């Protein structure tokens, strides 16, 4: 019996000089399209990672990977960069609101700008001599006892 040579199962592609290799087909799910300008605007509105992922109908991890690919930085760094405009805008609006609604300006300042109320309390009372008398009596009692002796 004559044996027949086995055929190779790998395909060899002939390449001509100067021609580019064919790119392999990408496997997996297609990339989700995220609009850069919309992303920046959502950061400016101070949306959270969870909210941004919900708006683009994808996972938070997808947003993280997209930020790395698109901006070359993590979501946290991109968020910090693009939400700064929102904080500046809020400050401007707070000044405008302070003219008509002090309560709203205070609320916004406390919640977004880290402002707090500084509360100072000073207790003053008029002495009727009771505390001084009590101090004197305690001192006399201690002196008359000749000190405290424990058994």
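Candidates in the range 111-120 are the residues that are within 19 Å of the chain's Cα centre (by Cα) and part of a loop (DSSP other than H, G, I, E, B); of these, the one that is nearest to residue 46 (Cα to Cα) is 113. Among the residues of this structure, residue 18 does not count as one that is at pLDDT 75 or above, out of contact with any helix residue (DSSP H, G or I) (no Cβ under 9 Å at 6 or more places or on another chain) and assigned to a loop (DSSP other than H, G, I, E, B).
Across the range 37-82, the number of residues qualifying as in a helix (DSSP H, G or I), more than 26 Å from residue 111 (Cβ to Cβ) and either more than 17 Å from the chain's Cα centre (by Cα) or in contact (Cβ under 8 Å) with a residue 60 or more places away in the chain (or both) comes to 8.
No other residue among 108, 90, 97 is in a helix (DSSP H, G or I), on the phi < 0 side of the Ramachandran plot, surrounded by 14 or more Cβ atoms within 10 Å (Cβ to Cβ) and without any contact (Cβ under 8 Å) to a residue 12 or more places away in the chain apart from 97.
The values are calculated or read from the model by the stated rules, or taken from the named source; none is laboratory data. The model shown is predicted, which means the values in this text are computed figures rather than measured ones. Heads up, the Cβs are rebuilt from the backbone with ideal geometry, glycines too, and the neighbour counts pull from every protein chain shown.
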